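Undergrad: Mind having a look at this structure? Questions to follow.
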């Protein structure tokens, strides 16, 4: 099972919106609405930001939103803030003999 | 408050074994599937293993299949990962994580425990 493909880095200025893509196949991202997104600050454990493509857990800012089209899922961060600077990972349930797969990760930089 | 606390990491020689534990509290452990996820130094997240709430369903990443064994003790609110035939590429921080939906929505994570495989 290969990792889902994410851009290595995305940057934006405070207040702007950015979008991170996550590309898989019909066996994972495209086949199920079970895509999640995680935020990870250096030295910290990941934090769930979005699950089931577009659902936000309690306590997560509504500046974070998720969507999916075909084999590609996306995470959009609107009103970018300094605290959003972190690594972001997507993940998906998969029909392969394993269970799940993570994306390659995207470093978000706030300029 | 939900808490997950991993333990058991350390330095081990190639070919050696290690058993990781994850102590859960603050929620009904027996109602949730659990996962192990690892992160090699400076690298991305890698899903390692999944176990359903009743232990009836278990999955492994291809990279650890046949070498690692996941298990749980619902009476002790604990999750385990037995790691055998360890390789240098298994060096990583290992996290246990609660699965919100059973479909890899990991809503609570431990702080991680570092496993270093080196001679």
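None of the figures in this text is laboratory data; all of them are computed from the coordinates on show. Note that the coordinates shown come from a computational prediction; the quantities given were computed from them, not determined experimentally. We place every Cβ from the backbone using ideal geometry, glycine too, and count neighbours over all the protein chains shown.
Undergrad: Radius of gyration and Dmax for the stretch A:26-90's Cα atoms, expressed in Å?
TA: Cα radius of gyration and Dmax of the stretch A:26-90 are 12.0, 36 Å respectively.
Undergrad: Let me ask something else. Could you pull the Rg and Dmax for chain A, using just the Cα atoms, both in Å?
TA: 13.2, 42
Undergrad: Output the peptides A:1-14, B:23-36 sorted from most to least packed, where packing is the average of other Cβ atoms within 10 Å over each peptide's residues.
TA: My ranking of the peptides, most packed first, is B:23-36, A:1-14.
Undergrad: Rg over Rh of the protein assembly as shown, using C-alpha atoms and the Kirkwood radius, what does it come to?
TA: 0.96
Undergrad: Same structure, new question: For the stretch B:1-107, compute Rh as the Kirkwood radius over C-alpha pairs and then the Stokes-Einstein diffusion coefficient at 37 °C and 0.692 mPa s; write the answer in µm²/s, rounded to an integer.
TA: D = 235 µm²/s.
Undergrad: Next question. Given the convex hull over the Cα atoms of the stretch B:29-78, what projected area results after averaging over all orientations, in nm²?
TA: Convex hull of Cα atoms, orientation-averaged projection: 4.0 nm².
Undergrad: Gap in Å between the Cα centre of the stretch B:26-59 and the Cα centre of the stretch A:52-111?
TA: 19 Å
Undergrad: If you take each beta carbon of peptide A:42-51 and count the beta carbons of other chains within 10 angstrom, what is the mean?
TA: Shielding by partners across A:42-51 averages 5.
Undergrad: For peptide B:95-106, how many partner chain Cβ atoms fall within 10 Å of a residue's Cβ, on average?
TA: 6
Undergrad: Shielding of B:28-40 by partners, i.e. mean partner chain Cβ atoms within 10 Å per residue?
TA: Per-residue shielding by partner chains comes out at 1.
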